[in-house]
Amino acid sequence: MQNFQKNLQKLEAADTQVLGISMDSPFSNAAWAEKEGLQFPILSDWGGDFTKQVGIYNTQYHASRRVTFLIDKEGKVLETQMDREAIDPTAVVTSCERRKLKS
């Protein structure tokens, strides 16, 4: 969790808004965020409409794949990390830091 918090601080320093999206209920998301001490919004995709619309629904497990999207301020998806890559956000953090230096 300590590494996660460091990466989160780096993302925030790079002018990045972090959002979580989960297929769990809003109540479950709030309880998990409180337990983990998360300070960013966790949105609920209860029913999976968003997950299915963007193509990350796993029909075998009836759940969303783990995905990290890097989206610019105009709404363009700049990077996508899926499954194992999405567990470690280091590449996205580095990309955000590079983009912040360019601007």
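Which residue, of Thr80, Thr68, is of a type in the set (Ser, Thr, Tyr), within 24 Å of Asp24 (Cα to Cα) and open to solvent by 50 Å² or more (accessible area, probe 1.4 Å)? Let's see the steps before the verdict.
Details: Thr68 fails: open to solvent by 50 Å² or more (accessible area, probe 1.4 Å).
It is Thr80.
Exactly one residue out of Gly37, Gly48, Gly75 is loosely packed, with under 12 Cβ neighbours inside 10 Å and out of contact with any helix residue (DSSP H, G or I) (no Cβ under 9 Å at 6 or more places or on another chain), and it is Gly75.
Residues checked against (1) in contact (Cβ under 8 Å) with a residue 40 or more places away in the chain; (2) assigned to a strand (DSSP E or B); (3) in contact with a strand residue (DSSP E or B) (Cβ under 9 Å, 6 or more places away or on another chain):
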{"site": "Gln60", "(1), (2), (3)": "no, no, no"}
{"site": "Thr68", "(1), (2), (3)": "no, yes, yes"}
{"site": "Lys73", "(1), (2), (3)": "no, no, no"}
{"site": "Gln81", "(1), (2), (3)": "no, yes, yes"}
{"site": "Ala86", "(1), (2), (3)": "no, no, yes"}
{"site": "Val92", "(1), (2), (3)": "yes, no, yes"}
{"site": "Ser95", "(1), (2), (3)": "no, no, yes"}
{"site": "Arg99", "(1), (2), (3)": "yes, no, yes"}
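Checked across segment 13-33, the condition of being in contact (Cβ under 8 Å) with a residue 40 or more places away in the chain, assigned to a loop (DSSP other than H, G, I, E, B), open to solvent by 60 Å² or more (accessible area, probe 1.4 Å) and not basic (Lys, Arg) holds for at least one residue.
The values are calculated or read from the model by the stated rules, or taken from the named source; none is laboratory data. Computed from a predicted model, the values in this text were never measured in an experiment. Heads up, the Cβs are rebuilt from the backbone with ideal geometry, glycines too, and the neighbour counts pull from every protein chain shown. SASA here: full protein model, heavy atoms, side chains in, ligands and nucleic acids out. Shrake-Rupley method; radii C 1.70, N 1.55, O 1.52, S 1.80 Å.
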